[in-house]
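What follows is a short report on a single structure.
Read-outs: derived from the displayed coordinates by stated rules, not from any lab. This is a predicted model, so every value here is computed, not measured. Cβ placement follows ideal geometry from the backbone for every residue including glycine, while neighbour counts extend to all protein chains displayed.
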Amino acid sequence: MIIYNVTVNVEDSILEEWKAWMINAHIKDVLETGLFSGYTFSQVMVDEEVGTTYSIQYFTPDMESFQLYEQLYAPKLRQETAKKYGQKIVAFRTLLKIIDSK
């Protein structure tokens, strides 16, 4: 299994609006691609000088599914996010491969 982790720092001025949009729109759009089996949405527990940081982890069975998402869906979803929130959020993405879990 592959975890697609998106870490996002959000300006406090849009925090509640952004969280609601993530839960009610964006995460649903990602899951509706059919390439992810689930997700977690977590707050990163660190003190930030600016904003609040969150981690959204999407679960996909293999790299082929993730690559398909990157090719077919990610550009449009990222563009929509940038148009809506611009410089008020900063995101970076990582991939994790699960080696062992219980």
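Treating cross-link reach as a plain straight distance, find the lysines whose alpha-carbon is under 18 Å from the alpha-carbon of Lys76, omitting any fewer than eight places away in the same chain.
Counting by Cα, and skipping residues close in sequence, Lys76 has these lysines nearby: Lys28, Lys84.
Please name whichever of Phe92, Ser55, Leu77 sits farthest to the positive end of the charge dipole of the chain, dipole taken about the Cα centre and charges placed at Cβ: Lys and Arg +1, Asp and Glu -1.
Of Phe92, Ser55, Leu77, it is Leu77.
Work out the FRET efficiency for Asn24 and Arg93 from their Cβ-Cβ distance, taking R0 = 25 Å, and round it to the nearest 0.05.
The pair Asn24/Arg93 has a calculated efficiency of 0.70.
Only counting other Cβ atoms within 10 Å, I'd like Asp29, Asp47 sorted with the fewest neighbours first.
Lowest count first: Asp47, Asp29.
Give me the percent relative contact order of the chain, please, defined on Cα pairs under 8 angstrom at least 6 residues apart.
Relative CO of the chain lands at 48 percent.
Beyond 24 Å, what percent of the Cα pairs of segment 2-97 remain?
Counting pairs separated by more than 24 Å, the tail of P(r) holds 18 percent.
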